[in-house]
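The values are calculated or read from the model by the stated rules, or taken from the named source; none is laboratory data. Please read all numbers here as calculations on a predicted model, not as lab measurements. Counting neighbours? That spans all protein chains shown, and the Cβs are built from the backbone with ideal geometry, glycine included.
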Amino acid sequence: MVGIFLRSLVFNVLFYLVLIVCIIMAVPTFALPVRALYTVAGWWARATIFLMRVICNIKVELRGVEKIPSGSLLVASKHQSFWETFALLPFFERPIFILKRQLTWIPVFGLFLLKASMIAIDRTAGAKALLGMTRRARDAVRGGCQLIIFPEGTRTAPGAPPAYKSGIAQIYSTCGVACIPVALNSGLFWPRRTFMRYPGTLVVEFLDPLPPGLPRKEFLARVAAEIEQATDRIVAAGQAEQAQLLAR
């Protein structure tokens, strides 16, 4: 475990150094089209994946990328780690996230979120926030964006009971586009609230898209079932691999 601690320490130092460099590189994008900002964000994601592999022995395996349709789309992703909040960006056209408003208050970084037209919501505003979020999501998706949403609203540790919010069903119904579910096991390797990074194979699996027009209850049940079934499968495989690596 001492080796993992030291590798995690080195990784985190380099991760934040890369982030600082990318923020500096991204400053000129304020005067450029938003695509330039996404390009820099993509560099950050790819550099992070490289550092994960060479320092922490974390490989990233992508499955089903060919299933991602082009054009307007809703993406419903499992959320176990900070990792997927930036690493998913390079796989989508004009991606935007729904995120908590407080993130836009972060100096400089928050300005980038506003530049990218991320949908920030005030979680304390209740139904009013949900209506505003749904309206902005509809306008963004109809404008050709691919909206990434975490249906549980927050990170959940691997194996924790899922708690899908009804808001995703409302957004799906209002936007009238297909939804691609995404399963992953990132929480095994990049856990929340710790700087430790554990070895193994981080899997992201893009599942078969759900067609538009499903009744809300049916959609919510299907998207939750498909994400959870796939997540349970890849988490179990990841835990078995990780146990072998840690036993060496």
Quiz prompt | Selection from the range 1-13 of residues that are surrounded by 15 or more Cβ atoms within 10 Å (Cβ to Cβ) and under 23 Å from the mean Cα position of the chain (by Cα) | solution = Ser8, Phe11, Asn12
Quiz item: Can you tell me which residue in the range 76-96 is surrounded by the most Cβ atoms within 10 Å (Cβ to Cβ), limited to those that are of a type in the set (Phe, Trp, Tyr) and touching a helix residue (DSSP H, G or I) at 6+ places or on another chain (Cβ under 7 Å)?
Solution: Trp83
Quiz prompt | Pair list, Cβ under 6 Å, 6 or more apart: the range 21-41 residue at negative phi and in a helix (DSSP H, G or I), other residue β-branched (Val, Ile, Thr) and surrounded by 14 or more Cβ atoms within 10 Å (Cβ to Cβ) | solution = Cys22/Val40; Met25/Val40; Ala26/Val40; Ala36/Thr29; Leu37/Thr29
Self-check item: helices (runs of 4 or more DSSP H) contained entirely in the range 79-152, each with at least 2 residues that are β-branched (Val, Ile, Thr)
Solution: 127-142
Quiz prompt | Flag for Thr48 being at pLDDT below 95, hydroxyl-bearing (Ser, Thr, Tyr), out of contact with any strand residue (DSSP E or B) (no Cβ under 9 Å at 6 or more places or on another chain) and surrounded by 14 or more Cβ atoms within 10 Å (Cβ to Cβ) | solution = no
Quiz prompt | Members of the range 206-247 found to be at pLDDT 95 or above, among the acidic types (Asp, Glu) and assigned to a helix (DSSP H, G or I), listed by number | solution = Glu218, Glu226, Glu228, Asp232
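Mind checking which residues of the range 72-111 are over 24 Å from Leu202 (Cα atoms), modelled with pLDDT under 90 and not β-branched (Val, Ile, Thr)? Even if it seems obvious, please write down each step before you answer.
The initial filter retains those residues of the range 72-111 that are over 24 Å from Leu202 (Cα atoms), namely 72-73, 94, 100-111.
Next, only the ones that are modelled with pLDDT under 90 stay: 94, 100-111.
Those that are over 24 Å from Leu202 (Cα atoms), modelled with pLDDT under 90 and not β-branched (Val, Ile, Thr): Arg94, Lys100, Arg101, Gln102, Leu103, Trp105, Pro107, Phe109, Gly110, Leu111.
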